[in-house]
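Every number in this text was worked out from the coordinates using simple rules, so none of it is lab data. Everything numeric in this text was worked out from a predicted model, so none of it was measured.
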Amino acid sequence: MPVLLTVVRNFCRAMSTYTPGTHSMAFVTVPDLEVAKKLSHGIVKNKLAACVNIIPGITSVYEWEEKINEDGELLLMIKTATDKVDDLSKFVRENHPYDCAEVISSKIDNGNPPYLKWISDTVGVSDKKPKLDS
């Protein structure tokens with residue numbers, strides 16, 4: 001039985017391939033938990049991402065309007081398909097309280113193929129215009 005299990009596992013791994021760059025992680029900073037949850041729910045509901053992690057307790061130091069600022073923020077770590085990043089960015093810009101919302105992304109070169117497939121299956125393709133819940 002262990003030999004058969006090993007063969008099945010190796011077969012499944014061989015069948016689960018990944019094309020680098022197909023998926024992306026995006027990062028968005030927000031001022032508080034209320035904004036974090038509202039944006040996260042809107043992003044997932046509108047199929048702009050499969051998952052959003054809300055990471056509390058970050059400190060951002062930045063220059064804005066010729067002043068150095070230091071603020072407590074939360075970070076949204078967003079997992080999505082690369083072809084959804086532009087729509088995701090637009091959604092964040094339209095629904096974020098900051099004048100200049102941080103939306104940056106990085107393509108995923110490697111990862112757990114079943115997880116990455118889940119992202120693809122979850123976000124799919126949508127013709128609907130993204131909306132934020134009130």
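For the range 61-68, backbone phi angles converted through the Karplus equation (6.51, -1.76, 1.60; θ = phi - 60°) give residue-by-residue couplings of 10, 7, 9, 9, 6, 6, 10, 7 Hz, Gly and Pro being listed as x. Coupling constants for the range 100-110 follow from the phi torsions by the Karplus curve (6.51 cos²θ - 1.76 cosθ + 1.60, θ = phi - 60°), and in residue order they are 10, 6, 6, 9, 10, 9, 9, 6, 8, 7, 7 Hz; glycine and proline get x.
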